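Asker: After the structure tokens below, expect a handful of questions from me.
The values are calculated or read from the model by the stated rules, or taken from the named source; none is laboratory data. Values in this document were obtained by computation on a predicted structure and should not be read as measured data. Positions of Cβ are backbone-derived with ideal geometry, glycine not excepted, and every protein chain shown enters the neighbour counts.
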Amino acid sequence: MLRFVARRLVWMVITLAAISFVTFVVIKLPPGDYTTTVIANAEARGQDIPDSQIAELKRHYGLDKPFLVQYFTWIKGVVLHGDLGQSFAWNQSVASLIGNRVLLSMVLSIASLLFVWAIAFPIGIYSALKQYSGGDYLASFLGFIGMAVPEFMLALVMMYIGFRYFGQSVGGLFSPEYADAAWNLGKLLDLISHLWVPIVVVGVAGTAGLIRITRANLLDELHKPYVATARAKGLPEWKLLLKYPVRMSLSPFFSTVGWLLPGLISGETIVSVVMSLPTSGPLLLGAVKSQDMYLVGSFVLILSTLTVIGTMLSDLALAWWDPRIRTRFQKG
Amino acid sequence: MQPLLEVRELRTHFELSDGVVKAVDGVSLSVPRGRTLAVVGESGCGKSVTARSILRLVEKPARIVGGEILLYDDAPDTKPLDLLAAKDKRLRQVRWADIAMVFQEPMASLSLVHTIGDQIIEAVRLHENVGKQAARDRAIEMLDRVGIPDPKRRVDSYPFQLSGGMRQRAMIAMALSCRPRLLIADEPTTALDVTTQAQILDLLQDLQQEFGMAIMLITHDLGVAAQVADEVAVMYLGEVVEQGPASAVLSNPKHPYTQALVRSVPRLGLRGKDRLVAVRGTVPPPYERPTGCRFHPRCDSFMAGKCDVTVPVRVRSDEIDVACLLYGEEER
């Protein structure tokens, strides 16, 4: 088992190195660089920037050096000092810029994830056990609606309802008086009272999807012979269902749980833009548009790291959950 | 002598959208104490459904629509328990403690994500007030008894780590762990190779000697029935057409259907000129049962105006109960 984890860790490092390099190449692919954005912005304001000043800017940002030198300078900082570099557009370090936002994104995403699980598993299990009952049809109906309605649309509707009927301040994660305040109990409560709207919005599609998956997985297991064996043993119905088919039906879920991790900080971009939430998605979008390369590179690096860690965690979780996988790991 | 279990006029129907399939339609048979009853018949004659109906294990769309299943107590002259009328709780007590079952597919009928020990211990602790350690000791003892090598280690194995024959042995160990009075074995050797099949049948006979339980063996294989059965019940189209001592039924069958079945089995010493005779015709479509005697369209002794009109009742001829219009007149 330890050998397996060690081998996976080595591959993770290689994968991340490759991803960071490719990311850098991709950022460099479009013509121009950050100075192009600066010039364009200046021209939009009717100003003209002399060539000497542009050259100065390029030197300042290190954009005049060869591509490989830029890449290795950046990656050396990341690996050796944990320094993600400077954001050109914001003129501050990437770490200070995204730290708070990544945290809020994770809070929002983890909260929506728990919301999704808490709602979807019981409903999915109920739907399968009472297949073709009124409750099952209702769950399926709501589920399809949940999957079909785009999130931004739901966000707009929820904002309207929140504003019209509950008098809540629309958008954002904080009321105006707390937005720039330091963290205290009041701010935390304010965050919680704002958080439920994006949680519901972000969670609805996921809930709908997971209900369908749970129901389908469980229906596959429900009539297998081992369930009949358990019933023949004299186990009470609910106990045997939870111990045998429900348990089996969760295996596919464990193999995909790792994919949720990167979604934790980037999944809610569109909703965040619509509801102007101070999370990381809108920041990434802006950075890509203005070729703010260290900011984009760092974002992608963080996302990729979470992806590979998530994949590994889900493999480990599946091994813990399913002995058929576990024994294969132990052999080598 | 009082039988252990008596099935009277059992009817289990499949209520499908195209109509009702009367899979079991008036089955009556009795299981003698401490002996082996083999229930034989072609595929689709309703033998498995009969077996499952005894413990009320049939699932939708199948439904038990009538009959009695009487389980007699060991003490003579006590009122039998009708399993079809029993409350769920009482039925669960009977399951495994009085009547246990072994199914056809040993791989599918054990849970793959629980150890064999866990599944045996669960059954023991469900029906007997014993501690974990005592139940585990019982599991190890049973695994040893069914001939699984190194049972102390195997008790913690998962079913997928065992071969097919070993899995079926583990299943038998589990079935006998609560010392049932009746073991229902539904095609227990069909999925196994011939050598393993012979070993499993020997094992069942040894265990019967040791524990003194009755066995109801469901099989389509007359050879298997001849090898282990004390009594044989022959089923055709959802009813028992003949039941009697194995030696009598197999060597001197009364019902034309049984006669045809016995003729269709290859025997040693058969010469080239003695061709095997298949049962004439085919099984009629499930939605329409023939009128009168259900076997009459395929019967060599068909009597027009009689067999297609009158439903035969069971009569005793020599030691055999047979439902055929050829018999009865003189005995009645």
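Asker: Examine segment B:78-91 for a residue that is under 20 Å from B:E239 (Cα atoms), within 14 Å of chain A (Cβ to nearest Cβ) and surrounded by 15 or more Cβ atoms within 10 Å (Cβ to Cβ), and state whether such a residue exists.
Answerer: Within segment B:78-91, one or more residues are under 20 Å from B:E239 (Cα atoms), within 14 Å of chain A (Cβ to nearest Cβ) and surrounded by 15 or more Cβ atoms within 10 Å (Cβ to Cβ).
Asker: If we scan segment A:73-82, do we find a residue that is of a type in the set (D, E, K, R), closer than 26 Å to A:D33 by Cα and surrounded by fewer than 13 Cβ atoms within 10 Å (Cβ to Cβ)? Steps first, please.
Answerer: Quick first cut of segment A:73-82, residues of a type in the set (D, E, K, R) only: A:76.
The next check asks that each one be closer than 26 Å to A:D33 by Cα; those that pass are A:76.
Now narrow it down to the ones that are surrounded by fewer than 13 Cβ atoms within 10 Å (Cβ to Cβ): A:76.
Yes: segment A:73-82 contains one or more residues that are of a type in the set (D, E, K, R), closer than 26 Å to A:D33 by Cα and surrounded by fewer than 13 Cβ atoms within 10 Å (Cβ to Cβ).
Asker: Which of the residues spanning segment B:90-106 are assigned to a loop (DSSP other than H, G, I, E, B) and farther than 15 Å from B:P180 by Cα? It would help to see each step written out before you state the result.
Answerer: Taking segment B:90-106 and keeping what is assigned to a loop (DSSP other than H, G, I, E, B), we get B:96-98, B:103-105.
Residues satisfying the conditions are B:F103, B:Q104, B:E105.
Asker: Kindly indicate which of A:I119, A:I125 is over 23 Å from the mean Cα position of the chain (by Cα), of a type in the set (A, V, I, L, M, F, W, C) and under 26 Å from A:L222 (Cα atoms). Show your work before the answer.
Answerer: Numbers: A:I119 fails: over 23 Å from the mean Cα position of the chain (by Cα).
After applying the criteria, what remains is A:I125.
Let's see how each residue does on (1) closer than 28 Å to B:G67 by Cα; (2) buried (at least 21 other Cβ atoms within 10 Å of the Cβ):
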| residue | (1), (2) |
| --- | --- |
| B:I218 | yes, yes |
| B:N252 | no, no |
| B:R267 | no, no |
| B:P286 | yes, no |
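Asker: So, B:R316, is that one of a type in the set (K, R), closer than 21 Å to B:E42 by Cβ, surrounded by 13 or more Cβ atoms within 10 Å (Cβ to Cβ) and modelled with pLDDT of 85 or more or not? Break it down stepwise before answering.
Answerer: Details: of a type in the set (K, R): yes; closer than 21 Å to B:E42 by Cβ: no; surrounded by 13 or more Cβ atoms within 10 Å (Cβ to Cβ): yes; modelled with pLDDT of 85 or more: yes.
For B:R316, the condition - of a type in the set (K, R), closer than 21 Å to B:E42 by Cβ, surrounded by 13 or more Cβ atoms within 10 Å (Cβ to Cβ) and modelled with pLDDT of 85 or more - is not met.
Asker: Testing A:L103 on (1) crowded, with 16+ Cβ neighbours inside 10 Å; (2) under 26 Å from the mean Cα position of the chain (by Cα); (3) among the hydrophobic types (A, V, I, L, M, F, W, C), one condition comes back false. Which one is that?
Answerer: (1)
Asker: So, of the residues in segment A:284-332 that are among the charged types (D, E, K, R) and away from chain B (no Cβ under 14 Å), which turns out to be nearest to the chain's Cα centre (by Cα)? Walk me through how you get there before you give the answer.
Answerer: Within segment A:284-332, the first condition is being among the charged types (D, E, K, R), and the residues that meet it are A:289, A:292, A:315, A:322, A:324, A:326, A:328, A:331.
Of the ones still in play, those that are also away from chain B (no Cβ under 14 Å) are A:289, A:292, A:315.
Working: A:K289: 20, A:D292: 21, A:D315: 18 Å.
The qualifying residue nearest to the chain's Cα centre (by Cα) is A:D315.
Asker: Moving to a separate point now. Going residue by residue through segment A:59-74, is there one that turns out to be touching a residue at least 60 places away in the same chain (Cβ under 8 Å) and closer than 30 Å to A:I192 by Cα?
Answerer: No: segment A:59-74 contains no residue that is touching a residue at least 60 places away in the same chain (Cβ under 8 Å) and closer than 30 Å to A:I192 by Cα.
Asker: State whether the residues of segment A:182-200 include one that is in a helix (DSSP H, G or I) and within 30 Å of A:W320 (Cβ to Cβ).
Answerer: Of segment A:182-200, the ones in a helix (DSSP H, G or I) are A:185-200.
If we keep only those that are within 30 Å of A:W320 (Cβ to Cβ) too, we end up with A:199.
Yes; the residues of segment A:182-200 include at least one that is in a helix (DSSP H, G or I) and within 30 Å of A:W320 (Cβ to Cβ).
Asker: I'm trying to understand the selection: among the residues of segment B:299-332, which are of a type in the set (K, R) and farther than 19 Å from B:D25 by Cα?
Answerer: So in segment B:299-332, the residues of a type in the set (K, R) come out as B:306, B:314, B:316, B:332.
Once the filter is applied, which keeps residues that are of a type in the set (K, R) and farther than 19 Å from B:D25 by Cα, segment B:299-332 yields B:K306, B:R316, B:R332.
Yes/no per residue for (1) out of contact with any Ser or Thr (no Cβ under 8 Å at 6 or more places or on another chain); (2) aromatic (F, W, Y); (3) free of Cβ contacts under 8 Å to residues at least 24 places away in the same chain:
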position: B:S53; (1), (2), (3): no, no, no
position: B:D82; (1), (2), (3): yes, no, yes
position: B:Q93; (1), (2), (3): yes, no, no
position: B:M101; (1), (2), (3): no, no, no
position: B:S109; (1), (2), (3): no, no, no
